[in-house]
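Trainee: Structure incoming, see below.
The values are calculated or read from the model by the stated rules, or taken from the named source; none is laboratory data. For clarity, every value in this text was computed on a predicted model and none was experimentally measured. So basically every Cβ, Gly included, is an ideal-geometry build from the backbone, and we count neighbours across all protein chains shown. Just the protein is used for accessible areas: all its heavy atoms, side chains included, with ligands, DNA and RNA removed. Shrake-Rupley method; radii C 1.70, N 1.55, O 1.52, S 1.80 Å.
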Amino acid sequence: MNRPFPRLPRHGQQHAARGHLQQGGVIAYATESCFGLGCDPFDVRAIRRLLAIKARPNHKGLIVIAANLEQLRPLIRPLTPAQLAVVNRYWPGPYTFLLPAAPRVPALLRGRHDKIAVRVTAHGEAAALCLALGHAIVSTSANRAGQRSLKTARGCRQAFGARVLTLQGRIGKRRKPSTIIDLDTGRVLR
């Protein structure tokens, strides 16, 4: 039987999350509209683990969130001044942009695409987590593919047990997931 991780006091959560991610683990944490599942975006073993937990196909790719643009720079190719002006109008906020991926981005993170989906989050807890970790994190809804997104830490602990370190937190007030925009074309994908 999978035993859930113990509940951690809020002040100890970020430290526990850092250690868990460094060991290739997956975390569940509050985001703008639901709980998200996350891992280190450069840890291929952790990405595989996350995809298996979620039962998500490898070809779809994953979103990565950050506290600021600097945390996204290792994942994306340099932006032009015009591109920077666009993303700076929307970030931080509930807008995920498809941007050209840096060469070292793992293929599992991009899926079958040459771009990567990234967002500077406006959710205070998620941004604080990224700051405490010192890097961006993968952010996909906490659910098995095709099922409803989980909205509470308790729901995540029940659904994932010991496979995921679940952090306490409150989701934001958004009812829908982030809007996804291809920066090059301006096309809204979600």
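Trainee: Within the group Thr96, Thr140, which residue is of a type outside the set (Phe, Trp, Tyr), more than 18 Å from His20 (Cα to Cα) and in contact (Cβ under 8 Å) with a residue 60 or more places away in the chain?
Mentor: Thr96
Trainee: Pull out all pairs, ordered by first then second residue, where Cβ-Cβ is under 6 Å, the residues are six or more apart or on different chains, the first lies in the stretch 59-73 and is in contact (Cβ under 8 Å) with a residue 12 or more places away in the chain, and the second is surrounded by 24 or more Cβ atoms within 10 Å (Cβ to Cβ) and assigned to a loop (DSSP other than H, G, I, E, B).
Mentor: Ile63/Ser139; Val64/Pro41; Val64/Ala136; Ile65/Thr121; Ile65/Ser139; Ala66/Ala136; Gln71/Ala136; Leu72/Ala136
Trainee: Within the stretch 92-145, which residues are of a type in the set (Lys, Arg) and within 16 Å of Phe42 (Cβ to Cβ)?
Mentor: Correct list: Arg104, Arg110.
Trainee: Which one is modelled with the lowest pLDDT among residues in the stretch 171-190 that are assigned to a loop (DSSP other than H, G, I, E, B) and surrounded by fewer than 11 Cβ atoms within 10 Å (Cβ to Cβ)?
Mentor: By that ranking, first place goes to Arg175.
Trainee: Moving on. So is Phe42 at pLDDT 95 or above and open to solvent by 10 Å² or more (accessible area, probe 1.4 Å) or not? So that I can check it myself, show each step before the final result.
Mentor: Details: at pLDDT 95 or above: yes; open to solvent by 10 Å² or more (accessible area, probe 1.4 Å): yes.
Yes, satisfied.
Trainee: Could you check how many residues of the stretch 115-127 are crowded, with 16+ Cβ neighbours inside 10 Å and in a helix (DSSP H, G or I)? So that I can check it myself, show each step before the final result.
Mentor: Looking only at the stretch 115-127, we keep the residues that are crowded, with 16+ Cβ neighbours inside 10 Å, and these are 115-123, 125-127.
This time we only want the ones that are in a helix (DSSP H, G or I), so: 125-127.
Going through the stretch 115-127 one residue at a time, the tally reaches 3.
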